[in-house]
Amino acid sequence: MKVYTKTGDKGTTALFGGTRVPKHHIRIESYGTIDELNSHIGLVRDQEINPMYKKVLERIQDRLFTAGAILATDPEKSVLKNGKERLNIPKISVQDIELLENEIDRMDEALPPMTHFVLPGGHTTVSYCHITRCVCRRAERLAVHLHEIEPTDEMVLTYLNRLSDYLFVLARKLSHDLQADEVKWIPEKY
């Protein structure tokens with residue numbers, strides 16, 4: 001299989017199901033940003049961190065491929081007239097979301113209570129995690145925008161929302177594990 005097909009040379013690309021759309025279409029922006037998010041998670045996973053975090057991050061990367069596939073599917077071509085699915089695309093499950101919630105709760109138990117917003121930084125690994133969280137929020141905003149235009153699987157929206165929470169808590173836990181300074185944001189009074 002060749003990497004280049006030349007079918008996108010005029011600024012369009014194909015969704016699963018064959019529909020061609022402009023490369024700037026909100027659907028492409030949505031799953032393209034999930035792809036970007038997945039790459040950032042790979043960067044965090046490549047750091048010297050607890051192997052347990054790496055395992056969870058790898059699972060998240062798998063689920064993000066699933067979310068991307070869901071968003072890359074033309075909803076009008078994904079279901080046959082008899083109601084059966086035409087394309088065999090996996091789904092985001094309640095268990096996927098529960099995994100994130102359980103990990104958040106587990107990490108949170110080992111952290112001091114949060115009393116202020118935290119300035120991103122303190123260690124390169126922590127900063128990578130905060131950048132990843134920001135990309136996740138952008139992916140979520142784009143997926144929500146897409147959902148308003150062309151309804152999509154709401155489990156993807158829930159997953160992205162919970163994932164950004166997970167990434168925030170992971171950044172805090174990494175700060176703790178790496179003994180990095182967690183700088184509280186205390187607004188200046190003028």
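Enclosing the Cα atoms of the chain in their convex hull gives a volume equal to 166 cubic angstrom per residue. In order along the stretch 178-190, phi translates into HN-Hα couplings of 8, 6, 8, 5, 9, 8, 6, 8, 10, x, 6, 9, 9 Hz, rounded to whole numbers, per the Karplus curve 6.51 cos²θ - 1.76 cosθ + 1.60 with θ = phi - 60° and x for Gly and Pro.
The mean sequence separation of alpha-carbon pairs under 8 Å and at least six residues apart, normalised by the residue count of the stretch 43-190, gives a relative contact order of 30 percent.
Springs join every pair of Cα atoms under 10 Å in this Gaussian network model of the chain, and among Ala72, Ala110, Ala139 the largest mean-square fluctuation is at Ala110.
What the chain shows is 60 Å² of accessible area per residue, with the surface traced by a 1.4 Å probe over protein heavy atoms. Between Phe117 and His145, the FRET efficiency from the beta-carbon distance, with R0 = 25 Å, is close to 0.45. Helix 154-177 and the longest principal axis of the C-alpha atoms of the chain enclose an angle of approximately 30°. Measuring r between the beta carbons of Asp62 and Arg20 and using R0 = 22 Å, the FRET efficiency lands at 0.20. Here the chain exposes an accessible surface that is 54 percent carbon and sulfur, computed with a 1.4 Å probe and the other protein chains kept in place. One chain, two ends: Glu154 and Lys2. Fully extended at 0.36 nm per residue, the span grows by 51.3 nm beyond their Cα-Cα distance. Would you please classify the overall shape of the stretch 92-156 from the alpha carbon gyration tensor, given that a ≥ b ≥ c denote the square roots of the eigenvalues, rounded means a/c under 1.5, and beyond that prolate means a/b larger than b/c while oblate covers the rest? In terms of gyration-tensor shape, oblate. The angle between the Cα long axis of helix 51-71 and the longest principal axis of the Cα atoms of the chain comes to about 30 degrees, rounded to the nearest 10. Backbone amide hydrogens, once placed in the peptide plane, bring Thr73 within less than 5 Å of Phe16, excluding anything fewer than 5 places away on its chain.
The values are calculated or read from the model by the stated rules, or taken from the named source; none is laboratory data. Note that the structure is predicted; figures quoted are calculated from it, not measured. In this analysis, Cβ positions are derived from the backbone assuming ideal geometry, glycine residues included, and neighbour counts consider all displayed protein chains. Please note that ligands, DNA and RNA were not included when accessible areas were found on the heavy atoms of the full protein model with its side chains. Shrake-Rupley method; radii C 1.70, N 1.55, O 1.52, S 1.80 Å.
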